[in-house]
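First up is the structure itself, then whatever we jot down about it.
Just so you know, all these numbers are worked out from the coordinates, no wet-lab data involved. For clarity, every value in this text was computed on a predicted model and none was experimentally measured. We place every Cβ from the backbone using ideal geometry, glycine too, and count neighbours over all the protein chains shown.
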Amino acid sequence: MKKVIIVTVILLLASCNDKIAGTLGSGSIYEFKCSEEKLNICLNKFKESSKHLAIPEKWKKYDNWDEIGYGFLEGKVFYLKGNKDFEEEMYYVTVLGSSPKLKNIASISIRSVFRITEGTPRWLYLDDLSKSEAKEIEDRFQKIILNKMIKSDCNCNTYIIKLKRY
């Protein structure tokens, strides 16, 4: 009986972890005045035409979202090479579902950030980072991805930001 109680307590504690399979993080929400379908098309076209955002061979194995059960989200991974201001990183971005009543409103959010942290490659939630790091990532995402995407051949050409309070 003691073993059953110990196992039950361990399972209960493990199930309380909010970072297990089935949950993803989320940053600020970027709301566009277009359908989810059009926003997915814009993101795909922009990603295909922006070769500098393509995942390098050395990091392709970390784009395994489909394999771990998140394929249904149709997420996109954008690679940022890095420079003197920031390390190289990748963003896992998804279009968020909206109410059926809001057919011409679609939103996207950064769900996870990939970095080499203390020599270990890993996906992180924005909540895992300091407030200033999370804000810098959101700012880069807007500047390097969103603002350039809306200037490209895209029907979703404006957005509003629903800020996450870190």
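Pop a pseudo-label 7 angstrom from the Cα along the beta-carbon direction at both LYS101 and THR158 and give the gap in nm to one decimal.
In this crude spin-label approximation the distance works out to 2.3 nm.
Could you quote the convex hull projected area for segment 31-166, Cα atoms only and averaged over all directions, in nm²?
Hull-based average projected area comes out at 8.7 nm².
Tell me, what ³J(HN,Hα) does each residue in segment 79-90 have, in order and in whole Hz, if you take phi through Karplus 6.51 cos²θ - 1.76 cosθ + 1.60 with θ = phi - 60° and put x for Gly and Pro?
In residue order, the calculated couplings are 9, 10, 4, x, 7, 5, 8, 7, 6, 5, 7, 10 Hz.
TYR30: net charge of surrounding residues, Cβ under 10 Å, Lys/Arg +1, Asp/Glu -1, itself excluded? Each step should come with its number before you reach the end.
Values: positive: LYS162; negative: GLU31, GLU138.
Within the 10 Å Cβ shell, the charges total -1.
Ranked highest first by the average count of other Cβ atoms within 10 Å around their residues, in what order do 132-139, 51-58 fall?
Working: 132-139: 16.5, 51-58: 11.4.
Order by mean packing, descending: 132-139, 51-58.
What pairs from LYS101/LYS131; LYS51/LYS101; LYS33/LYS76; LYS81/LYS103; LYS61/LYS162 go past 30 Å between their alpha carbons?
Details: LYS101/LYS131 34 Å; LYS51/LYS101 36 Å; LYS33/LYS76 20 Å; LYS81/LYS103 35 Å; LYS61/LYS162 32 Å.
As for pairs spanning more than 30 Å Cα to Cα, those are LYS101/LYS131; LYS51/LYS101; LYS81/LYS103; LYS61/LYS162.
Going 7 Å from the Cα of LYS143 in the Cα-to-Cβ direction, what parts of segment 75-97 have a backbone nitrogen less than 19 Å from that spot?
Under cut-off, by backbone N: 78-92.
Which FRET efficiency, nearest 0.05, do GLU48 and GLU133 yield, Cβ-Cβ r, R0 25 Å?
On the way: r = 29 Å, r/R0 = 1.16.
Once rounded, the FRET efficiency stands at 0.30.
Can you work out the Karplus-derived ³J(HN,Hα) for every residue in segment 133-138? Use 6.51 cos²θ - 1.76 cosθ + 1.60 with θ = phi - 60°, whole Hz, and x for glycine or proline.
5, 4, 5, 4, 5, 4
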